[in-house]
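What follows is calculated from the coordinates using simple rules that are stated; it is not laboratory data. This structure is a prediction, so every number in the text was calculated from the model and none was measured. Backbone-built Cβ (ideal geometry, glycine too); neighbour counts: all protein chains shown.
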Amino acid sequence: MKALSADWLAQAYEAGAIAVLRKVQADRIVAVAGAIRDGGIRCVEITLDSLTAIEDIGRVTRDVEGIVVGAGTVLDPPSARQAIAAGAKFIVTPTVETGAGRMARRYGAGVIMGAMTPTEALRAWEAGCDLVKIFPADALGPRFVRALRGPLPQIPLAPTGGITADNAGDFIRAGAKAVCVGGWLTDSKAIMEGRLEIMRERAQAITAAIRTAREEPS
C-alpha cells in the first residue's frame with residue numbers, strides 16, 4: 001500500500017507541528033482552531049474520545065478556513081470511516097491499527113500510526129502510513145528518536161506526548177519530521193476563560209522553535 005501525497009502532510013511538514021485538540025468544548029473548538037491557525041499551525045487533529053468529536057470535525061472543517069482537519073484516537077475501521085465522512089483528511093491511530101489504516105486509504109485519507117518500538121515503527125511503515133507517531137515522547141526523549149533514525153532513516157517520525165516550545169526543537173534536531181502537540185498548546189484554563197491569545201502565542205512559539213532548529217547546521 002503506497003503512501004499518498006496530500007495537502008495535510010504538506011501543511012504538517014511546513015509548520016513542523018500538528019495540533020492535537022482533545023476534549024475541547026464543542027462551543028469553543030472553532031475559535032480554538034482558528035487561534036492555532038493564526039499562530040502558524042494549519043494541521044489539526046481532533047481526537048475521537050469525546051461525544052461530539054465527529055460533529056466537531058465537520059464544524060471545524062466547515063467553519064475554519066486555511067486549516068486541514070484530521071481525526072485522532074482512531075481505534076477501528078468504522079470510526080475511521082465515520083471521521084472521514086465528516087471531513088477528516090487523515091486519521092491518527094494510537095497503535096499499529098492496520099484495519100483503520102486500510103479504511104482510510106480506501107477513502108483517500110492519510111494515515112499516522114502510533115508506535116513505541118522499532119518493530120512497531122517498521123510494521124506501521126510497511127502497512128502504508130504516511131507518518132509514524134512516536135509515543136510517549138516525553139518518556140522516550142529525543143535520544144530515542146535519533147537512535148531510531150539510525151537503522152530506519154526512511155521512516156518519517158512525529159513524536160507525541162509532552163511536547164512544548166522548550167523541547168520541540170530538540171526532537172526536530174534529533175531527526176523528527178514534525179511533532180504533535182496537545183495539552184501544552186490547548187490550555188484548558190485559558191480556553192474556559194476565552195483567552196484565545198494563549199493558543200495563538202503558543203502556536204507561534206512552537207513553530208518558531210522548530211524553524212530555528214531546522215535552520216541550525218546539521
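How big is the charge dipole of the chain about its Cα centre, in debye rounded to the nearest 20, if each Lys and Arg gets +1 on its Cβ and each Asp and Glu gets -1 on its Cβ? Could the numbers behind the result be given before it?
Working: 26 positive and 24 negative charges, 93 e Å.
In debye, rounded to 20, the chain gives about 440.
As a length-normalised measure over Cα pairs under 8 Å and 6 or more apart, the relative contact order of segment 16-91 settles at 30 percent.
Taking Lys and Arg as +1 and Asp and Glu as -1, the other residues whose beta-carbon sits under 12 Å from that of PRO77 total +2.
If we count other beta carbons within 10 Å of each Cβ, what is the order of LEU9, LEU140, fewest first? The partial results should precede the final answer.
Numbers: LEU9 22, LEU140 19.
Ranked by crowding around the Cβ, least crowded first: LEU140, LEU9.
Counting Lys and Arg as +1 and Asp and Glu as -1, what is the net charge of the other residues whose Cβ lies under 15 Å from the Cβ of ARG173? The answer is +2. Of interest is the spacing of the C-alpha centroids, which for segment 53-101 and segment 172-212 amounts to 21 Å.
Packing-based ranking of 34-40, 194-200, 94-100 yields 34-40, 94-100, 194-200, ordered from highest to lowest mean Cβ neighbour count within 10 Å. Relative contact order of the chain: 21 percent, from C-alpha pairs under 8 Å at least 6 residues apart in sequence.
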